[in-house]
Each structure stands twice: as structure tokens, then as C-alpha cells.
Amino acid sequence: MATLDFAPLYRSSIGFDQLPHLLAHALQRDETGFPPYNIEKIANDQYRITLAVAGLTQDDIEIVYEHNMLTVRGKAQETGAKTYLHRGIAGRAFERQFDLADHVEVTGATLGNGLLEIALKRELPEALKPRRIPIGATSSAELATAGPSGPASLRAA
């Protein structure tokens, strides 16, 4: 497997130091392909994960969100001994994990017609949203007498 050099990214970006870990984790994950799933972008900050979980009930499925990791586990409960002439509906246990970006939260989950739908929304806190910084007006005299800590009008604030 080829290695990636993230040095150019680190020279001009701050806070992306988890990216190599995220990529390595995704590549090491054991994917079985079961159950099949879709990831949809519903709106600018809304997503939906749909998993095909035919034959499972709400009691058979567990959804856990912890530390930017969404884990979906399923295990069909045994309903007694059955004799199948053909068994095409998979009833095996599964665990599927999804890495979620910062500030992406699970807003709900529904189960219907054999499909488990998990709604996700990216909700940026007010502190992270873009904001306009006002520029204060100071006179040349204030700047000359301000000293190292700035103008007196700003120190008082």
C-alpha cells in the first residue's frame, strides 16, 4: 500500500492532524458488505444513512454514537427451529461503523419496510460560525501614547 505525505497539508492548515488517523482507521476496518447501505446528502448540513435490515425489529438493532463514531449492531432473535427449503434472507449478526465529522449529530432513527434510516445533521456551535469583526476607530494620538498593550480605549473594554 502506498503511503501518503501530509506535510504540504500541515504547512498551510491547522487542526487537520487527525486526518491520517482517520484514513488509516478507514482502511483497516474489516468490511463484510453486510448489510448493504446508502449514505445520502439531504441538504447542505443534513445526511441520511439507510441500512437494509430485512427481518430485524427495533429490539434486534442497537445504535450507539460515541466520540464521532456511529456504530450500528444487529442480531436477529431466534424464534424457534424452522425448516427452510430456501433461505435467501440473511439473518446473521452484523456491526457497521461510520466515522462522523466534528459537530455531526444523530437526530433520529426509524425502521420501516426493512430499512433502518438514521438522520444526521451538522450543527456548528455559534462560536465556530463566521462572524464579522468590527474595526474600532482610534486617533493617531491614541496610537502614539498607547504603549505595548494597545490604545487606552481598548484596554478599558
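Here, each number is a calculation from the coordinates, and none is a lab measurement. Everything numeric in this text was worked out from a predicted model, so none of it was measured. No Cβ is skipped: glycine too gets one built from the backbone with ideal geometry, and neighbour counts run over all protein chains shown.
Of note:
- Modelled this way, with points 7 Å down the Cα-to-C-beta line, the labels at H67 and T79 are 3.8 nm from one another.
- Sparse packing (at most 15 other Cβ atoms within 10 Å of the Cβ) combined with a DSSP loop state is found for the following trypsin sites (Lys or Arg not before Pro) in the range 17-94: R29, K75, K82, R87, R92.
- Stretching L128 away from L22 to a fully extended chain increases their span by 36.0 nm, per 0.36 nm per residue minus the current alpha-carbon distance.
- A Förster distance of 22 Å, applied to the separation of the beta-carbon atoms of D60 and K121, puts the FRET efficiency at 0.30.
- At R0 = 25 Å, FRET efficiency that the Cβ-Cβ distance of E40 and H103 yields, to 0.05: 0.85
- Shown here for the range 50-125: chymotrypsin sites (Phe, Trp or Tyr not before Pro) in loop regions (DSSP other than H, G, I, E, B) with at most 11 other Cβ atoms within 10 Å, namely Y84.
- Remark: the L111-E31 segment gains 26.5 nm on full extension, using 0.36 nm per residue and subtracting the alpha carbon distance.
- Relative contact order for the range 84-135, counting Cα pairs under 8 Å that sit 6 or more residues apart, in percent: 26
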